[in-house]
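One structure coming up, written as structure tokens, with questions to follow.
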Amino acid sequence: MFSVNQEAVRIVREKIIPRAEELNCKVIRLANGAMVIDMGVEVPGGWLAGQLFVEATIGGLGQACFGRFSLGAIDLPSIDVYIDHPQEACLSSQFSGWKLPGKDIPGYIIPIGSGPARAIARNDIFAQAWSYKDIHHAAVFAAQTTELPDASLAESIAEACQIPVENVYILAARTGSLVGSIQVCSRTVEASMWRMVRKGFDISKVISGMGSCPIPPPIRDELKAMDRTNTSLLYGGMVRYVVDCTDEEIEQVIDQLPLSASRLFGTPFLELFEAADRDFYKVDKDIHTIAFYEIMNVSSGRTFRAGQLREDMLKQSLFD
């Protein structure tokens, strides 16, 4: 069986670390030997850094590239992902399922952890939703945070993965950086895979997935950045799946998958985030999805679609 961490480590060691200066990134060796790669916390990062961040967090099981999103008066770059083995790439690896320590400070935004290390530790319900377990001597972790990860975080990752701490690689970027915006908006297949699990679709019948999402204008204000990136997913994110099943299996779930099926459809993300005390893990689970789904059934040749893009919600969050 392939290892998502083996490929992610290769991307970090061969494509990110040697080119850190070109990528507007910074490599930091912690006192305990773990490696932190700042890709957008105290450094600017950039487009290529964002692309590599995404490809590392999906364990090399796909490709991230840039496209164009156009909806009415909105014209923005997009992050497009093409993913084989979306079960392992997203549920086991990319999913933002690792809650990081926070601080008891009013208005503090709880940092978020993700990446292939989750496939080794399997310490959250999202990784446990699929049978894959990775075995590797090194691990890549991704942190969505406003502060650079420290030695204690590296040690907790090493302990959870049962590997030497010097074999831990942590990619870090704040949401409001360009890399942060790209990596959050790359999570179209990730969010939609979990939605299909929750709605009862047999994800073993998913062959591949691709997703596209507008990349909002970056902003230093982390709260506004959280709103912009998540609004982009909820009201502008699209996925296209290739599956092999009966048409009836798709028909049973397709209308339940997009955000338009949620009772919270039309509610600004910022409102929901504030209600959850700025803790992403407390946000109402009914919005853990995206705007539009297309499912292509290789068995019948039929294509099924559901969902709605909302120009008004995107404009309100991204530009007003």
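Around LEU257, what is the net charge, scoring Lys/Arg as +1 and Asp/Glu as -1 over all other residues with Cβ under 10 Å from its Cβ?
Combined, the nearby Lys, Arg, Asp and Glu give +2.
Turning to a different aspect of this structure: With a point put 7 Å past each Cα toward its Cβ, work out how far ASP320 is from TYR281 in nm, to one decimal.
3.2
Using the structure shown, list the pairs from LYS133/LYS205; LYS199/LYS285; LYS133/LYS285; LYS205/LYS285; LYS103/LYS224 with a Cα-Cα distance above 21 Å, or answer none.
Distance filter (> 21 Å) returns LYS133/LYS285; LYS205/LYS285.
Give me the extension gain from ARG263 to GLU248: residue separation times 0.36 nm, minus the current Cα-Cα distance, reported in nm with one decimal.
The span from ARG263 to GLU248 would gain 2.9 nm if fully extended.
What distance in nm separates the simple spin-label points at GLU274 and VAL298, each placed 7 Å from Cα in the Cβ direction?
About 4.7 nm, to one decimal.
Moving to a separate point now. For the chain, what proportion of DSSP beta bridges, expressed in % and rounded to the nearest 5, is antiparallel? Don't skip to the end; give the middle numbers.
Numbers: 37 of 54 bridges.
Once the DSSP bridges in the chain are tallied, antiparallel ones form about 70 percent.
Based on the Cα coordinates of the chain, what is the per residue volume of their convex hull in Å³?
118
Just flag the chymotrypsin sites (Phe, Trp or Tyr not before Pro) in the range 281-320 sitting in loop per DSSP whose Cβ has no more than 12 other Cβ atoms within 10 Å. Don't jump to the answer; show the numbers that get you there.
Working: sites: TYR281, PHE292, TYR293, PHE304, PHE319; in loops: PHE319.
The qualifying sites are PHE319.
Can I ask one more? Build a GNM of the chain with springs between Cα atoms under 10 Å: which of ALA20, ALA173, ALA191 gets the top mean-square fluctuation?
Looking only at ALA20, ALA173, ALA191, the largest GNM fluctuation is found for ALA20.
For ASP279, ASP312, which order do you get if you count the other beta carbons within 10 Å of each Cβ and list the fewest first?
Listed from fewest to most nearby Cβ atoms, that is ASP312, ASP279.
Counting only C-alpha contacts under 8 Å and six or more residues apart, can you give the relative contact order of the range 4-318 as a whole percent?
Numbers: 764 pairs, mean separation 56.7, N = 315.
Worked out over the range 4-318, it gives 18 percent.
Among all cysteines in the chain, which have no other cysteine Cβ under 4.7 Å from their own Cβ?
Singleton cysteines: CYS25, CYS65, CYS90, CYS161, CYS245.
Quick one: length gained pulling ARG13 to ASP75 fully straight, 0.36 nm per residue minus the C-alpha distance?
Working it through step by step, the gained length comes to 18.8 nm.
Suppose R0 equals 22 Å. What FRET efficiency, 1/(1 + (r/R0)^6) with r the Cβ-Cβ distance, do ASP150 and GLU42 give to the nearest 0.05?
0.95
Taking a label point 7 Å from the Cα of LYS103 along the Cα→Cβ vector, which residues of the range 21-42 have an amide N closer than 15 Å to it?
From the range 21-42, the list is 42.
Values quoted throughout were computed directly from the atomic coordinates according to the rules given, and no laboratory measurement underlies them. This is a predicted model, so every value here is computed, not measured. Cβ coordinates were reconstructed from backbone atoms using ideal geometry, including for glycine residues, and neighbour counts include every protein chain displayed.
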